[in-house]
Amino acid sequence: MKERERIIITALVLLMLVFWLGFLFHRSPRFAGSVWGGVLGVSGAVLMLVPLAYLVVKRVKILNRWITRFVSMRTLLTWHIYAGVLGPILVIIHSSHKFDSTLGIALTAMTLIVVLSGFSGRYLLTRFSQTIREKRETLTQLDIQYRQVATDLASDHGQISMLRPFSGLFTRWIADRLLLQEEIQQESPAPVRALALADAMAEIEYAIKMHEFFKTAFTWWLRFHITIAFVLYGLLALHVWAGIHFGLRWFT
């Protein structure tokens, strides 16, 4: 998710929450059944079906090959994200904060959960991928420095004996602090730099493993997000059926 896109989506999610919290100050029992209330409700429901279309296109190979000839999956994902937020905003406005029925409350709650889970998961997944990429680049640079220092130590056996004083926890911490000082980084003894680089590389490797673990765990988040999305579509279909069954009052 690019920075500009992240800012826009974040603003839309916050706007959705503001509209939802409006029930604390406003309630209009008749707006949902009015002409404009119906237009907003239908428009929101149609937009909420766009993420379902993306899900189908992504997983049905024949459909994927045909659709991607005209529209890239990245563009479809962008439509998925924007429609997945704009649709719920219109639906919440359509509700006019009339949360009297169990179905209406369940539909609104599930809508908020689906949007927030999708937004947080997409943002965190992007952050994990970016962090892993940055840490791998840093690890590569440290590895190059470490190999250079190791080469210097191999050519001077006298410096290897200097490693023993830095085997303790406190002295290793001192070595790390010395490496962080740019003005003495190159002037520090090779054993000090070797130890500090080894510690830094170990810490980054551990951080990469942890980030990869959480990134893998997000496959379960994706399953959860898809599952509750289908629950939302079921409630939406039931809501539409109820509106048709009990009369389209905005046409009377």
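The values are calculated or read from the model by the stated rules, or taken from the named source; none is laboratory data. Not measured: the values here are computed from a predicted model. Here the Cβ is made from the backbone with ideal geometry for all residues, glycine too, and neighbour counts use every protein chain on show.
For the reader, a short list of remarks on this structure follows.
- Ile105 being assigned to a helix (DSSP H, G or I) and exposed (fewer than 14 other Cβ atoms within 10 Å of the Cβ): yes
- Flag for Phe31 being among the aromatic types (Phe, Trp, Tyr), crowded, with 16+ Cβ neighbours inside 10 Å and touching a helix residue (DSSP H, G or I) at 6+ places or on another chain (Cβ under 9 Å): yes
- Test: residue in the stretch 217-228 that is crowded, with 17+ Cβ neighbours inside 10 Å, under 22 Å from Trp36 (Cα atoms) and either modelled with pLDDT under 85 or not aromatic (Phe, Trp, Tyr) (or both): no
- Selection from the stretch 84-102 of residues that are touching a Pro at 6+ places or on another chain (Cβ under 6 Å) and either aliphatic (A, V, I, L, M) or in a loop (DSSP other than H, G, I, E, B) (or both): Lys98
- Against the test of being in contact with a helix residue (DSSP H, G or I) (Cβ under 9 Å, 6 or more places away or on another chain), modelled with pLDDT of 70 or more and part of a helix (DSSP H, G or I), the options Thr151, Thr171, Thr131, Thr140 yield a single qualifying residue, Thr131.
- Test: residue in the stretch 18-37 that is part of a loop (DSSP other than H, G, I, E, B) and within 23 Å of the chain's Cα centre (by Cα): no
- Selection of the stretch 89-108 for residues being on the phi < 0 side of the Ramachandran plot and not β-branched (Val, Ile, Thr) yields Leu90, His94, Ser95, Lys98, Phe99, Asp100, Ser101, Leu103, Gly104, Ala106, Leu107.
- When Ile113 is tested against (1) of a type outside the set (Ser, Thr, Tyr); (2) over 17 Å from Leu236 (Cβ atoms); (3) at pLDDT 85 or above, exactly one condition is not met: (2).
- The listed residues are Val57, Val91, Val18, Val13, and the only one of them that is crowded, with 17+ Cβ neighbours inside 10 Å and either acidic (Asp, Glu) or closer than 21 Å to Tyr123 by Cα (or both) turns out to be Val13.
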